[in-house]
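Read through the structure below, which is laid out as structure tokens, and then see the notes.
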Amino acid sequence: MCGIVAYAGENSACPFLIQGLKRLEYRGYDSAGIALAGSRLQIHKCKGRVSDLEGHLISNELEGQVGIAHTRWATHGEPNDVNAHPHLSMNGHFALVHNGIIENYAGLKAELIRNGYSFQSETDTEVLVNLIEFFYGKGLEINAEMAIRLALSKVVGAFGIAVICNDVKEELIVSRRGSPLVIGIGEGEYFVASDATPLVGYTKNMIYLSDNDLAIISKNSLILKTEEDKPASFRISRVDRTIGEIEKGDFDHFMLKEIFEQPGTIEDTFRGRVSADRSAIVLGGLMDVFPAILKAKRIILIGCGTSWHAALVGEYLIETYARIPVEVEYASEFRYRNPILTADDVVIAISQSGETSDTLVALRMARERGATILGVCNVVGSSIARETDAGVYTHAGIEIGVASTKAYTAQVTVLTLFAIKLAFAKGELTVELYHEIISELADVPAKINTILSGHNKIKEIAAKYKGATNALYLGRGLLFPVALEGALKLKEISYIHAEGYAAGEMKHGPIALVDDNLPVVVVAPKDHYYEKIVSNIQEVKARKGNLIAVVTEGDLILKEMVNDVFEIPESHPAVTPLLAIVPLQLFAYYIAVLRGCNVDQPRNLAKSVTVE
Ligand code: AGP
């Protein structure tokens, strides 16, 4: 999704802005641009990559200690040079970059046209920059800040914006509603970005701007105001991220690095939450609300994409062990379907970014209807983390690959800890089983290392299936969501059409697809569904499907029966989802690489979906 970086300080703005744009590339984009407040407002922008923009800059003079820059993910108008941001107002007073969508842009545009404005691009953003200029031109008493405030008061929709003005070259003004912005505090300089990644290495002190607030920034001053022009309250957060976290190191892609990081990230998720003697689970972030959770009549888990798959694993675990009714909903459906919610409901939002628009809005609706709202997020200080009553951070570190891997296993780890803690506190779990599952969880990182050590074998198998056009993934029980997630990984990065299905559903439709061209990936470790899933495998085999199975190490029966196997170490069923997904992540990764796909930035996808 679109990315913003901006700078105001005593140094030249350009180097930070270009590096910042590169660090935002992972979010997905199709054009890039930069504007600097030098002797005049200079704008350079083009369709394509940040490297294309850099090529364009060499021939131009680049001056300015205040600047804004943007990576655009097209919404209004196709990706081209004209629609790229920044946008300049008609009379050249303002340059603006914008994340989000101005929903009432058509009406505003018509009004501006009636007032003599003309437009170069098809974007909603150009409407906003001209609206600011329109108010600016209303009279001497309206300065740039007031014009921006007036324009924003007319806007319906979501935005994160950064604006520079030709008449106040030392000033940068930023604001947000629904679309995140973070301000980094340096010495004699301020950095702005749509997430913390561009700021790593520049400063650890950051302010997450609140909705509707405005920040007026120059090299020596930062003033935060509310939309009513009153001083805004804020908190400076310390964000301890390292450069190593945002670089690929020896790996070919971020996705591969992140898959291999999982033993470490899962340990980070445990840290401080599982006692050293493996006898207890402590979820500090839920301490205050835990009594309310224990009394809950229902838990509703909401999320999108991979986070929704993690929620499905959570549903199985909570219902199986804690015996509390659970519902799992796509946030995009939940927010619009007028759900019945009461104060006895606990709604938990699962989100890596903590900024997904559908999840955030669904959560606000649940809060208005009286439910306790909790979050399981990866990004510290994100909107969902800040707006929930309480929550648990997943601590997976910055995830750059658009296809989620380590954030998913961290989410599943948190949900497993949560389910088991809840079950024990409710008296649904014996102390022996409680200790056994904690111990099994603590052994997961070592077992994932074993799976990762077999990556070359998985690569060989991937080579056999790289030409597929379709694939079917099957699983049962806790491993049905793993089948869904395996299929999503393949689909997102290799563009092979892949469907995940509950194996028992196969006979009710998808079996019609099975022939000797169709790879069928079956998640079939030795658990209590084993006999059933072996029958499903037989059904596929009878129709000559190409069977690939995730099996428990040493399962000779399935090894004989199917074409290829991914072996995973034996484990307690409660933790098997954490192991079974790893070979499927690698399988999707290697197929995508062999097909020459852009693994870290798949086409049309964005890392953080901040528009609905
Ligand atoms: C994951 O591989 C996807 N890129 C996507 O489905 C993602 O999980 C979804 O957009 C939700 O994002 P979130 O976890 O940041 O809310």
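The values are calculated or read from the model by the stated rules, or taken from the named source; none is laboratory data. What you see is a predicted model; the values in this text were computed from it and never measured. Heads up, the Cβs are rebuilt from the backbone with ideal geometry, glycines too, and the neighbour counts pull from every protein chain shown. All accessible areas refer to the heavy atoms of the entire protein, side chains included, with ligands and DNA or RNA removed. Shrake-Rupley method; radii C 1.70, N 1.55, O 1.52, S 1.80 Å.
Considering Asp516, Asp527, the condition of being among the charged types (D, E, K, R), surrounded by 17 or more Cβ atoms within 10 Å (Cβ to Cβ) and away from the ligand (no atom under 16 Å from the Cβ) is satisfied by Asp527 alone. Would you call Ser353 polar (S, T, N, Q), touching a Ser or Thr at 6+ places or on another chain (Cβ under 6 Å), more than 27 Å from Ile437 (Cβ to Cβ) and surrounded by 24 or more Cβ atoms within 10 Å (Cβ to Cβ)? It is true that Ser353 is polar (S, T, N, Q), touching a Ser or Thr at 6+ places or on another chain (Cβ under 6 Å), more than 27 Å from Ile437 (Cβ to Cβ) and surrounded by 24 or more Cβ atoms within 10 Å (Cβ to Cβ). Checked across segment 197-211, the condition of being within 15 Å of Gly67 (Cα to Cα), under 17 Å from the mean Cα position of the chain (by Cα) and either of a type outside the set (Gly, Ala, Ser) or assigned to a loop (DSSP other than H, G, I, E, B) (or both) holds for at least one residue. When only residues in segment 222-250 that are modelled with pLDDT of 95 or more and in contact with a Phe, Trp or Tyr (Cβ under 7 Å, 6 or more places away or on another chain) count, which is least open to solvent (accessible area, probe 1.4 Å)? Of everything passing the filter in segment 222-250, Leu224 is least open to solvent (accessible area, probe 1.4 Å). For segment 386-398, state whether one or more residues are open to solvent by less than 10 Å² (accessible area, probe 1.4 Å), more than 12 Å from the chain's Cα centre (by Cα), polar (S, T, N, Q) and away from the ligand (no atom under 13 Å from the Cβ). No: segment 386-398 contains no residue that is open to solvent by less than 10 Å² (accessible area, probe 1.4 Å), more than 12 Å from the chain's Cα centre (by Cα), polar (S, T, N, Q) and away from the ligand (no atom under 13 Å from the Cβ). Only a single item in (1) open to solvent by 10 Å² or more (accessible area, probe 1.4 Å); (2) more than 13 Å from the ligand (Cβ to nearest atom); (3) outside any helix (DSSP H, G or I) is not met by Val379, and it is number (2). Residues in segment 404-419: is at least one in a loop (DSSP other than H, G, I, E, B), modelled with pLDDT of 95 or more and open to solvent by 50 Å² or more (accessible area, probe 1.4 Å)? No, segment 404-419 has no match at all. Can you name every residue in segment 344-389 that is among the small types (Gly, Ala, Ser) and without any contact (Cβ under 8 Å) to a residue 60 or more places away in the chain? Hits for segment 344-389 are Ala349, Ser351, Gly354, Gly370, Gly375, Ala385.
Being among the β-branched types (Val, Ile, Thr), within 26 Å of Ala215 (Cα to Cα), open to solvent by less than 20 Å² (accessible area, probe 1.4 Å) and in contact with a Ser or Thr (Cβ under 6 Å, 6 or more places away or on another chain), is that true of even one residue in segment 90-107? Quick ask: steps written out before the conclusion?
Within segment 90-107, the subset among the β-branched types (Val, Ile, Thr) is 97, 101-102.
From what's left, within 26 Å of Ala215 (Cα to Cα): 97, 101-102.
After this cut, where a residue has to be open to solvent by less than 20 Å² (accessible area, probe 1.4 Å) as well, the list is 97, 102.
Next, only the ones that are in contact with a Ser or Thr (Cβ under 6 Å, 6 or more places away or on another chain) stay: none.
Within segment 90-107 (the criterion being among the β-branched types (Val, Ile, Thr), within 26 Å of Ala215 (Cα to Cα), open to solvent by less than 20 Å² (accessible area, probe 1.4 Å) and in contact with a Ser or Thr (Cβ under 6 Å, 6 or more places away or on another chain)), the answer is no, since none of the residues qualifies.
Quick one: which strands (runs of 3 or more DSSP E) sit completely within segment 262-367 and have at least 2 residues that are more than 29 Å from Lys447 (Cβ to Cβ) and away from the ligand (no atom under 14 Å from the Cβ)?
Once the strands (runs of 3 or more DSSP E) in segment 262-367 are filtered for at least 2 residues that are more than 29 Å from Lys447 (Cβ to Cβ) and away from the ligand (no atom under 14 Å from the Cβ), what remains is 298-303, 345-351.
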